[in-house]
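Everything on this sheet refers to the single structure shown next.
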Amino acid sequence: MFGAGLTSASWGFSLGRQALKGITQPDVRPTNSTGGNRGTSTPRDRLVILNEKDILKIVKARIEGRDVDKSSGKSSSDRATAKSAQGKKAGNQENSKAKFPINSRDGGVILEITSARLRSNSLLLDVSMKNEGSQSVRFLYSFLNVTDDQGRALSAIAEDLPGELPPNSQVYYGTVSIPTALLDNAKLLSLTLTDYPNQKLQLQVSGITVPK
C-alpha cells in the first residue's frame with residue numbers, strides 16, 4: 001500500500017507539472033502596460049528627451065523676446081531698439097524745431113524771431129518788434145547784420161519793419177529775407193540790429209536754426 005501511494009503521488013505531480021508548463025506570472029510593472037507583447041512600441045519607446053542646453057536656449061530667447069522675423073532677418077529686440085532710436089531721432093528733430101521764439105531785449109526794445117521758413121529761393125525769418133521804453137527809437141535796416149555758424153556775413157533784406165518804433169508797447173511784425181544760395185552748409189544764424197543814429201542799442205539774436 002505504501003508503494004502504491006508513492007507511485008500514485010509521483011504520477012499526479014508529473015501530470016500537474018505537464019499541465020502548468022508554459023504558464024508564467026503576468027508582468028504588472030507600471031512601466032510596461034502592454035504585458036510584454038513583442039513588436040509593439042511602449043510609451044517609453046515614444047518618449048523624446050530634449051537636450052538641457054537646447055531647453056535653456058529656447059527659454060532664454062523667449063524671455064528676451066528674440067523671435068526672429070523671417071522677412072527682415074531681425075529679432076524683435078532689434079526691431080524695438082531700432083524703433084527706440086527712431087523715436088529719439090524724431091524727438092531731437094522736434095526739439096531743434098521748437099527753439100522759437102528767440103528774442104533779445106535792450107533799452108526797453110524787444111526784438112523776437114518767431115519762426116524760420118523756406119519760400120522759393122529765400123529763407124524768411126518772421127520778426128516782431130516792440131518798444132516798452134519811454135522814447136521813440138529809430139532804425140536803419142542797412143545796419144542789420146546776419147552771420148552764419150561759419151562766420152560768414154550774409155546779405156539780408158528787412159520787409160514791413162517800422163523805421164521808427166514808438167513807445168506804446170505795440171507789436172510790429174515783419175520779415176527778414178536771406179537768399180538760400182548763401183546758406184551753403186549753414187545750420188545756425190545770428191542776427192544783430194542797432195538803433196540809428198545813436199547806435200546805443202544792441203539787439204542780438206543767436207541760435208536761429210536753418211530749416212532743411
Inset, instruction - Identify the single condition in (1) closer than 16 Å to Ser115 by Cα; (2) at pLDDT below 95; (3) more than 37 Å from the chain's Cα centre (by Cα) that Lys212 does not satisfy, given that it satisfies every other one. - result: (3)
Legend entry - Residue pairs meeting the criteria (Cβ under 6 Å; at least 6 apart or on separate chains; first without any contact (Cβ under 8 Å) to a residue 60 or more places away in the chain, in the stretch 110-135; second of a type in the set (Phe, Trp, Tyr)): Thr114/Phe100; Ser115/Phe100; Ser128/Tyr173; Met129/Tyr172
Legend entry - Filter result (basic (Lys, Arg) and either out of contact with any helix residue (DSSP H, G or I) (no Cβ under 9 Å at 6 or more places or on another chain) or closer than 17 Å to Leu201 by Cβ (or both)) within the stretch 119-174: Arg119, Lys130, Arg138
Inset, instruction - Could you list, in sequence order, all residues of the stretch 158-206 that are open to solvent by less than 60 Å² (accessible area, probe 1.4 Å), closer than 19 Å to Asp106 by Cβ and in contact with a Leu (Cβ under 6 Å, 6 or more places away or on another chain)? - result: Ala158, Gly174, Val176, Leu193, Thr194, Asp195, Leu203, Val205
Inset, instruction - Please tell me if Asp149 is among the charged types (D, E, K, R), without any contact (Cβ under 8 Å) to a residue 12 or more places away in the chain and open to solvent by 60 Å² or more (accessible area, probe 1.4 Å). - result: no
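The values are calculated or read from the model by the stated rules, or taken from the named source; none is laboratory data. In this text, all values refer to a predicted model and were calculated from it rather than measured experimentally. Cβ sites come from the backbone with ideal geometry, for glycine too, and all protein chains shown count toward neighbours. We work out accessible area using only protein heavy atoms, side chains counted, and drop any ligands, DNA or RNA first. Shrake-Rupley method; radii C 1.70, N 1.55, O 1.52, S 1.80 Å.
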